[in-house]
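Student: My questions will all concern the structure given below.
The numbers here are math on the coordinates, done by the rules we state, and not lab data. All values derive from a computational prediction rather than experimental measurement. Neighbour counts run over all protein chains shown; Cβ positions are idealised from the backbone, glycine included.
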Amino acid sequence: MTIGDNLRRAREAKGLTQREVWDATGISESSYKSYEKGERPPPGDKIVTLARLLSVSTDDLLLELSERKISDDLKAIFNRFDQLPSDEKRHAKIALRGILMSYEQEVLR
């Protein structure tokens with residue numbers, strides 16, 4: 001799955017033609033068609049513009065489906081995380097980043 005495939009799928013799900021997308025975003029016809037064909041990826045600012053128009057997240061455009069899936073046990077943890085007060089959420093993010101960075105360093109050794 002490429003960015004182009006994700007872009008096409010999101011556009012079709014929204015019921016838009018290619019022309020409607022490039023007209024609404026100000027992207028040239030040739031650029032937009034090259035994005036959907038997977039010949040080149042859109043620049044970052046265009047990815048955001050496209051995601052907004054197509055009512056999807058930038059992850060929906062950039063990542064493969066397998067990279068966007070979250071296991072049920074992690075969904076439960078993330079739901080609990082969302083219920084935390086702002087300060088606690090900030091501390092939890094710092095702790096999680098530390099754990100992940102430590103793990104990544106171990107993998108690199």
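Student: For segment 17-59, name all the residues that are within 18 Å of the chain's Cα centre (by Cα) and of a type in the set (A, V, I, L, M).
Tutor: Ile47, Val48, Leu50, Ala51, Leu53, Leu54, Val56
Student: Can you list residue pairs whose Cβ atoms sit under 8 Å apart, with the first residue in segment 31-50 being more than 16 Å from Arg11 (Cα to Cα) and the second being surrounded by 15 or more Cβ atoms within 10 Å (Cβ to Cβ)? Count only pairs 6 or more apart in sequence or on different chains.
Tutor: Close Cβ pairs (under 8 Å, with a partner that is surrounded by 15 or more Cβ atoms within 10 Å (Cβ to Cβ)) amount to Glu39/Gly4; Arg40/Ser34.
Student: Considering only segment 86-97, I want to know if a residue exists there that is hydrophobic (A, V, I, L, M, F, W, C) and within 30 Å of Ala24 (Cβ to Cβ).
Tutor: Taking every residue of segment 86-97 in turn, none turns out to be hydrophobic (A, V, I, L, M, F, W, C) and within 30 Å of Ala24 (Cβ to Cβ).
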